[in-house]
1. Between region 114-138 and region 146-167, how far is it from one alpha carbon centroid to the other, in angstrom?
2. Working from the alpha-carbon coordinates of region 3-245, get Rg over Rh, Rh being the Kirkwood radius.
3. What is the Cα centroid distance between region 205-237 and region 18-79, reported in whole angstrom?
4. Below 14 angstrom from the Cβ of ARG224, what's the summed charge of the other residues (Lys, Arg +1; Asp, Glu -1)?
5. Starting from the Cα-Cα distance between SER5 and TYR78, subtract it from 0.36 nm times their residue separation and give me the gain in nm to one decimal.
6. Estimate the FRET efficiency between ASN212 and GLU170 by the formula 1/(1 + (r/R0)^6), using the beta-carbon distance for r and 35 Å for R0, to the nearest 0.05.
7. Please find the FRET efficiency linking ALA111 to GLN239, where r is the Cβ-Cβ separation and R0 is fixed at 35 Å, and quote it to the nearest 0.05.
8. Once you've got the Cα coordinates, tell me which of LYS25/LYS118; LYS25/LYS246; LYS93/LYS190 are over 28 Å apart.
Amino acid sequence: MLITSEIVDLNTPTGVMRTYVHRPKGDAKVPAVLFYSEIFQQTGPIERAARFLAGHGYAVLVPEVFHELNPIGTVLGYDDAGRDKGNADKMAKDVQFYDTDNRAMIDYLNAQPWYSGKLGAAGFCIGGHLAFRAALQPEVLATACFYATDLHTTIIPNQPGQHSMDRIHEIKGELLMIWGKQDPHIPGDKRAELYQRFAQVPGLHYTWHEFNGQHAFMRDEGDRYDAQLASTGYQLTLQLFGNALK
């Protein structure tokens, strides 16, 4: 399947949000996926992951997650400076502003003739958390969260009752939760606490997978990349989206 990529700049209450749209060529109606990046925004590995999903028949939208805090088009490096800036941005943006970001992308999709009306979400690292946040939108039918950083913490700014886990009962779509057992950002005891909270939500539809992998094992750059685990992660994601969105 051939794909096309374009840039759209969407208005949000907190400013213009650059969004990268990767989708199958042509005018056929396709489902869409809101795809959230790591703290570094749309790097090469994130773009390749988005284009991979698009090549399986989805319109994939990659927003600049910290658009309020950086010039349009900012991509942070996988180095100390990039990590420090991305983590600072993560702790500066109130979690509720991701809700308005999601709404802006959904409004954009609803105006596109090629959108089928079926919507999913996915993300890596902080993007796994933000995909979980996107699942609060009633239109989102299925969500794949990879090593969702800070889902178990309160360091991301939020108002009382607005932490993502405080609102888990609002999620109506299916969740795919994937973790790395060797990920120091979400240690085993915290994963266990999260699992117990998931299990206590009546009617929550989810699957839970823990791989023998490090943090960022999906990123096809650097020494933590695990191609075999990444392949399994993509297979699970495509199965989820195929069942829910097609």
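No lab work stands behind these numbers, since they all come straight from the coordinates. Only a predicted model underlies this, so the values are computations on that prediction, with no experimental measurement involved. With ideal geometry, Cβ positions are generated from the backbone for all residues, glycine too; neighbour counts draw on all protein chains shown.
1. 16
2. With Rg and the Kirkwood Rh in hand, the quotient comes to 0.93.
3. Result: 18 Å between the Cα centres.
4. That sum, taken over residues with Cβ under 14 Å, equals -3.
5. Additional length available on full extension: 23.9 nm.
6. 0.60
7. 0.75
8. none
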